[in-house]
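Notes for the one structure printed next.
Nothing in this text is a laboratory measurement; each read-out follows from the coordinates by a stated rule. A quick note: this is a predicted structure, and the numbers were derived from the prediction, not measured. No Cβ is skipped: glycine too gets one built from the backbone with ideal geometry, and neighbour counts run over all protein chains shown.
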Amino acid sequence: MDNIANAHHRIQLLTTIVDYSLGHKFIDIYRKGEVPISLILHGNGAANSEIYDILGFGEPKKAIILSILTETMAQWMLHDLRVKMKF
């Protein structure tokens, strides 16, 4: 029981890196889930397109979303993302 109670108090950083074109979908899911979004960054990869194809990445331009959550909320959010974004 103590582990469950402590999970409500532990803080985690949820880091989401997605193709830039999908960033708004993730942000909408976070807002609907009342997840505080601490920081949204825009990234751009330096690798050539061949490396992106090999690694299975989409476009080099990325949205990086950093959120500070309790452990319980992070687990719930990851489950919600898997269901809604189908990954």
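Numbers at a glance
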| read-out | value |
| --- | --- |
| Candidate lysines for bridging to Lys84, where Cα separation is under 18 Å - those fewer than 8 sequence places away on the same chain excluded | Lys25, Lys32 |
| Computed FRET value (nearest 0.05) for Leu13 with Ile54, which takes r as the C-beta separation and R₀ as 25 Å | 0.30 |
